[in-house]
Amino acid sequence: FYDILFVDMAGSVFYTLRKEADINIEMSNNGKALGNLQKTILSKPDQEVFIDYYPYTPSSEPAAFFIEPVYKQEVQEGWIIFQCAINSLNSIFSATDDLGQTGETFLVNRKGLMLTESYFKGHSTILKERLDDRNVKAKFNDKKGHRVVTDYRGETALSSFEVFDFLGTSWLVVAKIDKDEITTQHYKQHSRY
């Protein structure tokens, strides 16, 4: 976890490990400074909640949160919130061994936004690069499979995918490689035919 926040029932962040800009924030009278986290805490959840990645201003990067209610003698006292940094998730997808020159794996949320970095863009793609809506919806509907698609770079690609459900959130795990690279490699291996 990137950080752990401690919040009382009034919505006051009274302690964090990293002591970033979210410490001492009163969520009930602070506008929308903490976004989805603030909205969820103000609804006073009494069981575990997961908040999917979104741009979290105090950390200057996207974050996801596990919210755990804290009870003392069956009376809820507040919440412990575990913050997950996007960089930790991104590092899982950074390995490109055996994926050729155009192959990559990435994670996509239900809105079609990439949750990991692209190797082919000169800027961050996390929560900024939106994939084709028809492609994403079809994959979420199919849940698992293989498709030939036009990827976010406009290239024809072979893709394998699977939907991953986690605490009420669905993500799409995609592995893809350009069709031209596969065709070229196949031709090189079987040129005599």
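The values are calculated or read from the model by the stated rules, or taken from the named source; none is laboratory data. All of these numbers come straight from a predicted model, not from anything done at the bench. Neighbour counts are summed over all protein chains in view; Cβ atoms, including those assigned to glycine, are modelled from backbone coordinates with ideal geometry. Surface accessibility is based on the protein's heavy atoms, side chains included, excluding ligands, DNA and RNA. Shrake-Rupley method; radii C 1.70, N 1.55, O 1.52, S 1.80 Å.
Between LYS121, LYS111, the distinction of being farther than 13 Å from TRP171 by Cβ and open to solvent by 50 Å² or more (accessible area, probe 1.4 Å) belongs to LYS121 only.
Residues in the range 16-39 that are touching a Phe, Trp or Tyr at 6+ places or on another chain (Cβ under 8 Å) and assigned to a helix (DSSP H, G or I) were compared, and the one that is farthest from VAL108 (Cα to Cα) is LEU37. Taking the listed residues ILE51, ILE86, the one that is surrounded by 14 or more Cβ atoms within 10 Å (Cβ to Cβ) and either at pLDDT 95 or above or touching a helix residue (DSSP H, G or I) at 6+ places or on another chain (Cβ under 7 Å) (or both) is ILE51, with no other qualifying.
Filter the range 28-41 down to the residues that are more than 17 Å from SER60 (Cβ to Cβ) and out of contact with any Lys or Arg (no Cβ under 9 Å at 6 or more places or on another chain), then identify the one that is least open to solvent (accessible area, probe 1.4 Å). Of everything passing the filter in the range 28-41, ILE41 is least open to solvent (accessible area, probe 1.4 Å).
Taken as a whole, the condition of being farther than 30 Å from THR40 by Cα and acidic (Asp, Glu) does not apply to ASP133.
Scanning the range 54-71 for residues that are β-branched (Val, Ile, Thr), open to solvent by 20 Å² or more (accessible area, probe 1.4 Å) and farther than 21 Å from SER124 by Cβ yields one hit, VAL70. Of everything in the range 131-163, what is of a type in the set (D, E, K, R), at pLDDT 90 or above and open to solvent by 20 Å² or more (accessible area, probe 1.4 Å)? Give them in sequence order. Selection gives LYS137, ASP142, LYS143, LYS144, ARG147, GLU162.
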